[in-house]
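Trainee: Before anything else, here's the structure in question.
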Amino acid sequence: MKITKKILLGLLLVFLIAQFFGPEKNQSSLEDIKPFITETNPPKEVKAILETACFDCHSNNTRYPWYNNITPVNYWLDDHVKHGKKHFNVSEWSTYSMKKKDHKLDELIEEVEEKKMPLESYTYTHGDAKLTDNQIKQVTEWAKNVRAFYALQKDIAQ
């Protein structure tokens, strides 16, 4: 029993010390998102959906929940955000080529229609991010319209 207490005490000590360390937070100005909003011009409802269900993991500005202050949860969340930004980052939209923008919107449509996005693990704690069928339709129709606009721009440029 004495060895078990020492092990538990050691684990508790490691856990407590770990609380003083954590990953760098993904926080910047919301100004980073403006070029995306301006260029893609989502309707008010779609913009609200994007803000609620997408931007935390797919922009340079994450709204962190209270439990992000607990190590190792903060590392798990940081990994999700980095992974999300690697695939699609609205804060970097102005650096994407027209071809890449079109491809990212195509992926967005596919992921949302197949209900792979937002992640189920995200919607567990962010219930308002769980998309209804109507919201899915709104987002995908908007993205398809933006893709059509890009195709038109491409045709005009040629």
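Since every read-out is calculated from the coordinates, none of them should be taken as a lab result. Since the model is a prediction, treat every value here as computed from it, not as a measurement. Here the Cβ positions follow ideal geometry from the backbone for every residue, glycine too, while neighbour counts run over all protein chains shown.
Trainee: What does the convex hull of the alpha-carbon atoms of region 97-158 project to on average, in nm²?
Mentor: The number I arrive at for region 97-158 is 4.5 nm².
Trainee: Got the relative contact order for region 2-157 handy, in percent, Cα pairs under 8 Å and 6 or more residues apart?
Mentor: 26
Trainee: Going toward the positive end of the dipole of the chain, with +1 on Lys and Arg Cβ and -1 on Asp and Glu Cβ, which of Asn41, Gly10, Asn68 do you reach last?
Mentor: Gly10
Trainee: Just to check I understand the Karplus step: with θ = phi - 60° and J = 6.51 cos²θ - 1.76 cosθ + 1.60, what whole-Hz values come out for region 79-85, glycine and proline as x?
Mentor: For region 79-85, the Karplus curve yields 4, 4, 5, 4, 5, x, 5 Hz.
Trainee: On to the next question. Anyone know which of Ile33, Ile109, Ile70 comes out most mobile in the 10 Å Cα GNM of the chain?
Mentor: With Cα springs under 10 Å in the chain, the top fluctuation among Ile33, Ile109, Ile70 is at Ile70.
Trainee: Then there is this: Can you pick out the pairs among Lys99/Lys130; Lys115/Lys137; Lys86/Lys154; Lys47/Lys154; Lys25/Lys137 whose Cα atoms lie more than 23 Å from each other?
Mentor: Flagged as over cut-off: Lys99/Lys130; Lys86/Lys154; Lys47/Lys154; Lys25/Lys137.
Trainee: Once the piece of chain linking Ile3 and Thr38 is laid out straight, how much longer is it, given 0.36 nm per residue of separation minus the C-alpha distance between them?
Mentor: Residue separation times 0.36 nm, minus the Cα-Cα distance, leaves 6.4 nm.
Trainee: Right, something else. State to the nearest 20 debye the size of the charge dipole of region 2-157 about its Cα centre, where the only charges are +1 on K and R beta carbons and -1 on D and E beta carbons.
Mentor: It comes to approximately 600 debye.
Trainee: Take the alpha-carbon positions of the chain, form their convex hull, and give its projected area averaged over all directions (one quarter of the hull surface) in nm².
Mentor: If you wrap the Cα atoms of the chain in a convex hull and average its projections, you get 11.6 nm².
Trainee: Check each of the GluC sites (Glu not before Pro) in region 5-84 and keep only those in coil by DSSP with at most 10 other C-beta atoms within 10 angstrom; list them in order.
Mentor: Within region 5-84, the qualifying GluC sites (Glu not before Pro) (loop, at most 10 other Cβ atoms within 10 Å) are Glu24.
Trainee: Can you list, largest first and rounded to whole Å, the semi-axes you get for region 5-70 by taking the square root of 5 times each eigenvalue of its Cα gyration tensor?
Mentor: Over the Cα atoms of region 5-70, the semi-axes work out to 40, 12, 6 Å.
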